[in-house]
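Let me begin by presenting the structure, written as C-alpha cells, before commenting on it.
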Amino acid sequence: MVHGHEPKRVLITGGAGFIGSNFLLRMVPRYPSIQFVNLDKLTYAGNLTNLRGIERADNYMFVRGDVADPALVASLFSTHKFTSVVHFAAESHVDRSIMAPLAFTRSNTLGTVTLLEAARQVWAGKAAGARRFLHVSTDEVFGSLGHDSLFTEETPYNPRSPYSASKAAADHFVRAYAHTYKLPVSISNCSNNYGPYQFPEKLIPLVIMRAAHGQPVPVYGQGDNVRDWLHVADHCEALDLILHMGAPGETYLVGGSNECTNLNLVTTLLDLVDEQLGHPKGHSRSLIQFVPDRPGHDFRYAICADHLRQSLGWQPRYTLESGLRQTVAWYLSHMDWLQSVTDRSYMDYFQSQYGMA
Ligand code: NAD
Ligand code: TDX
C-alpha cells in the first residue's frame, strides 16, 4: 500500500559524504519547493566540494556540526521546523570500526538517538503523515550468509563487526521510538553502494585509484567473499520513493541483485581501467596482492528487494556492468577529486592497514 508524505523542510544528516551528497545533488534541483538543511560534521569522509553543483541553490543550506550534539540538534529542529529527516550521518568503514570502535557508537548509535529524541520532542501531537524520519541503514546488520539464501525484512539481526553492531543498535532505537512514541519512521537497509564521490578507502574507488597509479591492489583473504552491489543513484531513487510513499513504521531492503566475489569484481575493475586508459588487456591484473583477511570478515551479503519493488515500484536502472563502466570513467576523469580527499593522514592509515605505500 502506498502512503503519502509531503516533505517541506528536510534535515539531511551526513550530506557531505558519499551517499548523502549523491542524494542532495539529485533532490535539491528536483524539489525546488522543499528546503534542505545539511548537517554534517565534516569528518575525513565528508567533503563539501561534492556539493558544488547545489551549494548556491535557494533551497539548500549547510550546517557544520555533530548529530550527537543534543543542543545543536534541538536548536536546528526549533529553527527550521523540519517535517522530515533523512539520516545518513555515520562512521561507515568496517576496517576503521575494527581499529577504533568508540567513534562508531558515538556517531552511529548515540547520534541516531539524539536525532530521534529531538524529533520526538518537536513532532509530538503531529499527524503521522505530516512527518517522517527516514533512517538509512545497511544490510550488514543481518550478519553473514552462506552460499544460499537472501536477506529479507524478516531476517533476524546478527551484527558481527563494531560498525554493524552500532548500526543495528541505531535501527533498534528507531523501532523503539516508533513503537513507544509512535514516531513516524521508515528504515532502509541497503547493500554495498558504489558510484561517484565514494571515499577511496572503500573497495571500488580504492582499486580504481591504485590501478590508475600502477600501485598494488589489496584483496583480503582469497577474494572469495561476496557482496551485492548497487549503484548509488539507484539507492537514492529508492530513498526518494520511501520518503514520499513509504508506509510509516515500515522497513525496506534495497539491493540490485548484483552478487559478485571480491576477486571477480577487482578483476573486472582492473580490466575496465586498462580498457579506458588504453593499456593492453590484462595489464593491471598483476597488481592484485592477497593480504591477510579482515578480522571477522562476513562471507556473503545478498538482498531480496521484492518488498520495495512490489509495494513502491522501485527498479534499479544500472546493471553491474553499466554501473562499473560509468564509475571507472567517473573516477578516471576526477583524479583531482581523489587527490583532494586522500591527504597525508589517509595515506598513513592506508600504510598501517595494508603495509603498502
Ligand atoms: P560516508 O562515510 O561516505 O559519509 C558519512 C558522512 O557522515 C560524512 O560526510 C561525515 O562527515 C558525516 N558524519 C560522520 N559522523 C558524523 C556526525 N557525528 N555528525 C554529523 N556528520 C557526521 O558514508 P556513506 O557511505 O555515504 O554512508 C551513508 C549512510 O549510508 C551511513 O549511515 C551508512 O551506514 C549507510 N549505508 C552505506 C552503504 C555503503 O555501501 N556505503 C550501504 C548501506 C548503507
Ligand atoms: O582493500 C580492500 N580489499 C578487500 O578485499 C577493501 C577496502 C575491501 N576488501 C573487501 C572487504 C569486503 O568483503 O571488499 C569487500 C568490500 O569492502 P568495503 O568496500 O570496505 O565494504 P564493506 O565492508 O562490504 O561495507 C560496505 O557496505 C555496507 C560499506 O563500507 C558500509 O558502509 C555499508 O554499510
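Residue-by-condition table, conditions (1) farther than 21 Å from residue 190 by Cβ; (2) loosely packed, with under 15 Cβ neighbours inside 10 Å; (3) in contact with a helix residue (DSSP H, G or I) (Cβ under 9 Å, 6 or more places away or on another chain):
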| position | (1), (2), (3) |
| --- | --- |
| 300 | no, no, no |
| 307 | no, no, no |
| 310 | no, yes, no |
| 322 | no, yes, no |
| 325 | yes, no, yes |
| 338 | yes, no, yes |
| 348 | yes, yes, no |
| 353 | yes, no, yes |
| 357 | yes, yes, yes |
Inset, instruction - May I ask you to list the residues in the range 55-99 that are of a type in the set (S, T, N, Q) and over 18 Å from residue 43 (Cα atoms)? - result: 59, 75, 78, 79, 83, 84
Legend entry - residue 14 closer than 24 Å to residue 185 by Cβ and modelled with pLDDT under 95: no
Inset, instruction - Please find, within the range 188-228, the residue that is farthest from ligand 2 (Cβ to nearest atom) out of those that are open to solvent by less than 10 Å² (accessible area, probe 1.4 Å) and part of a strand (DSSP E or B). - result: 188
Inset, instruction - Examine the range 338-356 for a residue that is modelled with pLDDT of 95 or more and assigned to a loop (DSSP other than H, G, I, E, B), and state whether such a residue exists. - result: no
Inset, instruction - Kindly indicate whether any position in the range 166-178 is more than 10 Å from ligand 1 (Cβ to nearest atom), touching a strand residue (DSSP E or B) at 6+ places or on another chain (Cβ under 9 Å) and β-branched (Val, Ile, Thr). - result: yes
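For every residue, the table says whether it meets (1) open to solvent by 60 Å² or more (accessible area, probe 1.4 Å); (2) within 16 Å of ligand 2 (Cβ to nearest atom); (3) on the phi < 0 side of the Ramachandran plot; (4) touching a residue at least 40 places away in the same chain (Cβ under 8 Å).
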| site | (1), (2), (3), (4) |
| --- | --- |
| 50 | no, no, yes, yes |
| 66 | no, no, yes, yes |
| 85 | no, no, yes, yes |
| 92 | no, yes, yes, yes |
| 103 | no, yes, yes, no |
| 106 | yes, no, yes, no |
| 119 | no, no, yes, yes |
| 130 | no, no, yes, yes |
| 140 | no, yes, yes, yes |
Inset, instruction - Please go through the range 17-37 and pick out each residue that is more than 16 Å from ligand 2 (Cβ to nearest atom), within 18 Å of the chain's Cα centre (by Cα) and open to solvent by 20 Å² or more (accessible area, probe 1.4 Å). - result: 25, 26
Legend entry - Tabulated pairs, the range 222-250, first within 14 Å of residue 308 (Cβ to Cβ), second within 10 Å of ligand 2 (Cβ to nearest atom) and assigned to a strand (DSSP E or B), C-beta under 6 angstrom, 6+ apart or interchain: 230/193; 235/190; 235/193
Inset, instruction - Hey, can you tell me all the residues within the range 250-260 that are open to solvent by less than 50 Å² (accessible area, probe 1.4 Å), over 30 Å from residue 182 (Cα atoms) and modelled with pLDDT of 95 or more? - result: 258, 260
Inset, instruction - Identify the residue in the range 164-181 that is in contact with a helix residue (DSSP H, G or I) (Cβ under 7 Å, 6 or more places away or on another chain), open to solvent by 10 Å² or more (accessible area, probe 1.4 Å) and more than 10 Å from residue 141 (Cβ to Cβ) and, among all such residues, is farthest from ligand 2 (Cβ to nearest atom). - result: 181
Inset, instruction - Filter the range 327-336 down to the residues that are open to solvent by 30 Å² or more (accessible area, probe 1.4 Å) and part of a helix (DSSP H, G or I), then identify the one that is nearest to residue 52 (Cα to Cα). - result: 336
Legend entry - Candidates 205, 196 - the one that is touching a His at 6+ places or on another chain (Cβ under 8 Å), within 14 Å of ligand 1 (Cβ to nearest atom) and not hydrophobic (A, V, I, L, M, F, W, C): 196
Inset, instruction - Among the residues of the range 175-187, write down those that are hydroxyl-bearing (Ser, Thr, Tyr) and not in a strand (DSSP E or B). - result: 177, 180, 181
Legend entry - Subset of the range 251-284 (residues that are acidic (Asp, Glu) and in contact with a helix residue (DSSP H, G or I) (Cβ under 8 Å, 6 or more places away or on another chain)): 271, 274
Legend entry - Counted residues, the range 74-118 - those being assigned to a helix (DSSP H, G or I) and either within 12 Å of ligand 1 (Cβ to nearest atom) or out of contact with any Gly (no Cβ under 9 Å at 6 or more places or on another chain) (or both): 29
Inset, instruction - Report yes if some residue within the range 27-41 is under 17 Å from residue 202 (Cα atoms) and not basic (Lys, Arg); otherwise report no. - result: no
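Of these, 287, 277, 263, 272, which one is in contact with a Pro (Cβ under 6 Å, 6 or more places away or on another chain) and open to solvent by 10 Å² or more (accessible area, probe 1.4 Å)?
287
The values are calculated or read from the model by the stated rules, or taken from the named source; none is laboratory data. Keep in mind it's a predicted model, so treat the numbers as computed, not measured. Please note: Cβ atoms are built from the backbone with ideal geometry, for glycine as well, and neighbour counts cover all protein chains shown. We work out accessible area using only protein heavy atoms, side chains counted, and drop any ligands, DNA or RNA first. Shrake-Rupley method; radii C 1.70, N 1.55, O 1.52, S 1.80 Å.
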